[in-house]
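Worksheet for the structure shown next.
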Amino acid sequence: MKNLILFGPPGSGKGTQAAKLVEKYGLLHISTGDLFRSEMSQDTPLGIEAKNFIAKGQLVPDEVTIGMLRNRVISNPDVPGYIFDGFPRNIAQCEALDELLAALNQDIHRLLMLEVADQEIITRILSRGQSSGRTDDNDPAIIQHRIDVYKSETMPVFGYYAEKGKAFKMDGIGTIQHIFEALCRSFDETT
Ligand code: AMP
């Protein structure tokens, strides 16, 4: 199995690239944001709990997020690997993911970060908000808060995997195909 973390700020194109990577490598895409939105649309207790945090652009508490992620991984063992998108978002989540994968005799092969400047992110998210129906994509103050949370809580995740020699930065500006090819080249280097 080859497991990838697709990393980067909100609006950096992780979802778009994950869909293309799934098509090419057959990996299972696990986006915690998508899982939360699905729970919210069904008004499950987990969705109801997550809703307030998401609406404010805050992280959902770790115990909720990690439990949901763990269920998704454990219930899908027969895949060629996982693409983690939007997870881990802090160091506690990194440690929980390590523990979960180690219990399954698995590991993270690579973390690829899509780098996009703040102003471009805000423009992209506001444009996505016009069609996504996501309330957290429509308010510039909430978007700015999500960027601030990314910088303060999530950026250390890069360092966590960089110390293991597994984290790489990629240019997140360019055509979808060009960025995809760069991601594939890097992912193909792993064994
Ligand atoms: P995303 O779709 O990845 O931008 O996530 C949307 C929102 O879901 C985030 O702003 C958080 O409120 C919540 N969320 C998604 N993934 C996580 C995570 N790993 N930890 C905590 N909250 C998360």
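For beta carbons closer than 9 Å, sequence separation of 6+ or different chains, a first residue in segment 68-79 that is on the phi < 0 side of the Ramachandran plot and in contact (Cβ under 8 Å) with a residue 60 or more places away in the chain and a second that is open to solvent by 50 Å² or more (accessible area, probe 1.4 Å) and away from the ligand (no atom under 16 Å from the Cβ), the qualifying pairs are Val79/Met1.
For segment 1-9, state whether one or more residues are open to solvent by 50 Å² or more (accessible area, probe 1.4 Å), touching a residue at least 12 places away in the same chain (Cβ under 8 Å) and out of contact with any helix residue (DSSP H, G or I) (no Cβ under 8 Å at 6 or more places or on another chain). Yes, segment 1-9 contains a residue that is open to solvent by 50 Å² or more (accessible area, probe 1.4 Å), touching a residue at least 12 places away in the same chain (Cβ under 8 Å) and out of contact with any helix residue (DSSP H, G or I) (no Cβ under 8 Å at 6 or more places or on another chain).
Please work out if Met40 is out of contact with any Leu (no Cβ under 7 Å at 6 or more places or on another chain), outside any loop (DSSP other than H, G, I, E, B) and either open to solvent by less than 30 Å² (accessible area, probe 1.4 Å) or over 25 Å from Cys184 (Cβ atoms) (or both). Before you say what the answer is, go through the steps one by one.
On the way: out of contact with any Leu (no Cβ under 7 Å at 6 or more places or on another chain): yes; outside any loop (DSSP other than H, G, I, E, B): yes; either open to solvent by less than 30 Å² (accessible area, probe 1.4 Å) or over 25 Å from Cys184 (Cβ atoms) (or both): yes.
For Met40, the condition - out of contact with any Leu (no Cβ under 7 Å at 6 or more places or on another chain), outside any loop (DSSP other than H, G, I, E, B) and either open to solvent by less than 30 Å² (accessible area, probe 1.4 Å) or over 25 Å from Cys184 (Cβ atoms) (or both) - is met.
Within segment 46-67, the residues that satisfy the criterion of being open to solvent by 70 Å² or more (accessible area, probe 1.4 Å) and either in contact (Cβ under 8 Å) with a residue 60 or more places away in the chain or within 28 Å of Pro140 (Cβ to Cβ) (or both) are Ile48, Glu49, Lys51, Asn52, Lys56, Gln58. Report yes if Arg146 is modelled with pLDDT under 95 and surrounded by 14 or more Cβ atoms within 10 Å (Cβ to Cβ), otherwise no. So Arg146 does not fit the description; no. Taken over segment 168-190, the criterion of being part of a loop (DSSP other than H, G, I, E, B) and hydrophobic (A, V, I, L, M, F, W, C) is satisfied by Ile173 alone.
The values are calculated or read from the model by the stated rules, or taken from the named source; none is laboratory data. What you are looking at is a predicted structure, and each value in this text was computed from that prediction instead of being measured. Glycine also receives a Cβ, built like all others from the backbone with ideal geometry; neighbour counts cover every protein chain displayed. To get the accessible areas, we keep the full protein, side chains included, count just its heavy atoms, and leave off ligands, DNA and RNA. Shrake-Rupley method; radii C 1.70, N 1.55, O 1.52, S 1.80 Å.
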